[in-house]
Amino acid sequence: MKELSRKITPVLLAGGAGSRLWPVSRDQLPKQFQPLVGELSTYQQTLKRVSDKSLYAEPLVITNEDFRFFARRQAEEIDLPATVVLEPARRDSAAAMAAGALLADRREKGSLVLALAADHVVLDNDLFADAVRLGAEAAEQGNIVVFGLTPTEPRTSYGYINPGEAINGNPDLCVVEAFVEKPDEARAVSYVEKGYLWNSGNFLFRSDIMIEELRSHAPEILAAVQAAVENQEVDLGFVRLHKESFESSPKNSIDYAVIENTKRTAVVRGHFRWSDIGSWDAIWEIADKHDADNAIEGQGIIIDSEGCLVHSNGLLTTVVGAKDLVVVATKDAVLVTPKNRVQDVKGLVETLKSGDHSLKTERHKRAYRPWGHIEQTDSGHRYRVSHVKVEPGHRISLQQHYHRSEHWIVVRGTATVTIEDQTRLLTENESVYIPIGKPHRLANEGQIPLELIEIQTGSYLGEDDIVRLHDDYKRE
């Protein structure tokens with residue numbers, strides 16, 4: 001396989017939600033930023049997958065406004081810089097793909113673009129790179145290349161590809177005869193027997209080709225995103241697409257808008273192990289198995305059981321005498337379901353959202369902030385106790401509260417505390433009291449993380465009792 005004459009620009013699509021993986025995946029911290037399989041999040045794993053500087057240029061990350069600091073911080077944690085592009089609204093994958101193609105084309109006319117879902121898992125990075133190199137040959141010739149995988153079973157949760165004639169005599173690179181949506185079980189069996197491939201939903205193309213195809217098949221989407229890109233702003237190092245222009249784009253997936261209409265598609269047969277980890281049974285399938293096909297992620301014990309998954313974060317979770325069971329535990333919610341009912345979790349989340357437990361679908365007990373995180377540990381009538389962590393070089397907003405006072409007790413590091421016009425340093429085991437209504441700010445000017453216990457007391461403890469007077473991160 002010949003070496004490429006130029007580098008490929010990875011475009012990571014990282015704005016989705018993933019409700020089928022509740023209670024781990026939630027609106028404010030979705031699955032792509034979670035360590036569902038292994039120690040790194042799937043977003044970080046994807047960044048590492050495209051980190052070979054001989055093959056790839058610096059990635060573009062297309063994500064939601066709410067996730068911008070996750071995207072930047074998690075890239076920094078693994079020392080892999082990326083340009084983070086913010087969608088002002090969710091307009092599905094066609095608009096995101098259009099933004100990626102247009103931005104890559106600005107870097108280099110007709111550049112090669114590898115568009116990847118940031119919430120997929122690939123277990124064989126070398127084989128994945130081989131597939132990319134093979135696909136790049138077809139993409140250079142003007143094809144939009146999709147990546148197909150040989151099915152291991154007749155799954156009804158995946159789309160399928162019917163591969164046609166081989167390109168250049170290579171059976172792993174073919175024209176696409178047809179794309180098929182998620183089938184029923186009988187059709188899925190038929191597709192597997194006929195040699196169809198699973199559609200991974202990842203693409204490789206020349207930026208100018210994708211722009212041409214969008215102009216032919218989705219002109220309204222292209223026009224809206226072009227205006228959003230042309231009127232972009234750089235804010236705190238993020239590329240912020242123009243809000244009104246982007247919002248005018250119709251909602252559509254890239255599959256419906258372009259891929260199913262274009263005549264320029266080719267498919268690479270990938271030999272790497274892949275999963276879109278769309279549900280908990282997919283997590284079980286790719287996880288390391290122990291005795292009797294049991295899998296444990298986090299703190300769990302399984303006894304006298306078969307085919308079970310335990311996924312637990314911070315809570316010892318035990319299963320005895322069960323078969324084909326999924327048990328997922330977080331610090332504030334537990335899910336128990338048979339493996340063959342995991343697709344119903346999405347409906348469960350909708351039920352929770354319409355009832356008294358809607359907050360359980362939005363956020364975890366640990367809430368991440370641009371400066372660190374805050375995790376509630378206890379609460380009751382007129383009080384709340386939290387663990388606060390501020391990263392080195394960061395500070396919270398200058399703020400005040402009208403209904404609560406606060407006590408801060410430093411347990412690690414050194415805090416720079418400002419109350420009205422007075423500033424003081426607090427070291428470990430020292431504390432300070434912030435009265436109701438007093439403007440205050442907490443900063444970490446040291447070299448190690450600052451950790452403290454925050455005790456709030458008052459008549460109202462809601463997050464909307466924060467009046468920001470100044471904020472480094474431009475939050476309202």
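With a cut-off of 12 Å between beta carbons, the residues surrounding L112 carry a summed charge of +1, where Lys and Arg count +1 and Asp and Glu -1. Excluding ligands, DNA and RNA, the accessible surface per residue across the range 54-121 is 33 Å² with a 1.4 Å probe.
Note on the range 398-476: Kirkwood radius taken over Cα pairs, Stokes-Einstein applied at 10 °C and 1.306 mPa s, translational D equal to 121 µm² s⁻¹.
Taking only alpha carbon atoms, the range 56-201 gives an Rg to Rh ratio of 0.99, where Rh is the Kirkwood radius. Each Cα pair under 8 Å and six or more residues apart adds its separation to the average, and for the chain the resulting relative contact order is 14 percent. Comparing H271, G300, H394 along the charge dipole axis of the chain, the residue lying farthest to the positive side is H394, per the Cβ-charge model. Excluding same-chain neighbours fewer than eight residues apart, the aspartates and glutamates reachable from K438 by a Cα-Cα span under 15 Å are E406, E420, D421, D465.
For the range 379-449, with every protein chain kept in place, what is the accessible area per residue (1.4 Å probe, Å²)?
Value returned for the range 379-449: 52 Å² of accessible area per residue.
For the range 1-79, the list of GluC sites (Glu not before Pro) that fall in a loop by DSSP and count at most 14 other C-beta atoms within 10 angstrom reads E3, E39. Split the accessible area of the range 278-422 by element, probe 1.4 Å, and carbon with sulfur accounts for 47%. A Förster radius of 56 Å, combined with the Cβ-Cβ distance separating K323 from H403, puts the computed FRET efficiency at roughly 0.65. Since only T46, Q74, I62 are under comparison, the one whose Cα sits farthest along the positive direction of the charge dipole of the range 22-88, derived from C-beta charges on Lys, Arg, Asp and Glu, is T46. Assuming charge only on the beta carbon of Lys and Arg (+1) and of Asp and Glu (-1), the dipole of the range 314-393 about its Cα centre is about 60 debye to the nearest 20. Using the Cβ-Cβ distance between D421 and R6 with R0 set to 56 Å, the FRET efficiency works out to roughly 0.45.
Short to long, the 10 Å bins of the Cα pair-distance histogram for the range 84-153 hold 15, 43, 34, 8, 0 percent of all pairs. With all pairs of separate Cα atoms included, the range 238-346 yields a Kirkwood hydrodynamic radius of 17.2 Å.
Pairs of Cα atoms nearer than 8 Å and 6+ residues apart set the relative contact order; for the range 391-473 it is 47 percent. Each Lys and Arg Cβ is given +1 and each Asp and Glu Cβ -1; about its Cα centre, the range 93-152 then shows a dipole of about 280 debye. Starting from the Cα of R215, step 7 Å toward the Cβ, then list every residue of the range 106-124 with an amide N under 20 Å from that point. It comes to 106-113, nothing else. Per-residue extension of 0.36 nm, minus the Cα-Cα distance of K331 and E306, leaves a gain of 6.5 nm for this segment. The base-10 log of I(q)/I(0) for the range 191-266, evaluated at q = 0.13, 0.22 Å⁻¹, reads -0.52, -1.06 [Debye formula, identical scatterers on Cα atoms, solvent excluded]. For the chain, pairs of C-alpha atoms spaced more than 36 angstrom apart make up 37 percent of the total.
Rg and Dmax of the range 225-289, based on Cα coordinates, read 18.6, 50 Å.
Only protein atoms count toward the accessible area here, which uses a 1.4 Å probe; on the range 14-112, the carbon and sulfur part of that area reaches 46 percent.
Toward the positive end of the charge dipole of the chain, with +1 on the Cβ of Lys and Arg and -1 on the Cβ of Asp and Glu, the farthest Cα among V146, G237, P250 is that of G237. Among I254, I167, the order of accessible area from largest down is I167, I254, computed with a 1.4 Å probe on protein heavy atoms.
Summing +1 for each Lys or Arg and -1 for each Asp or Glu among the other residues whose beta-carbon sits under 11 angstrom from that of D344 gives +2.
The values are calculated or read from the model by the stated rules, or taken from the named source; none is laboratory data. Quick caveat, the model's predicted, so the values are computed rather than measured. Neighbour counts run over all protein chains shown; Cβ positions are idealised from the backbone, glycine included. All accessible areas refer to the heavy atoms of the entire protein, side chains included, with ligands and DNA or RNA removed. Shrake-Rupley method; radii C 1.70, N 1.55, O 1.52, S 1.80 Å.
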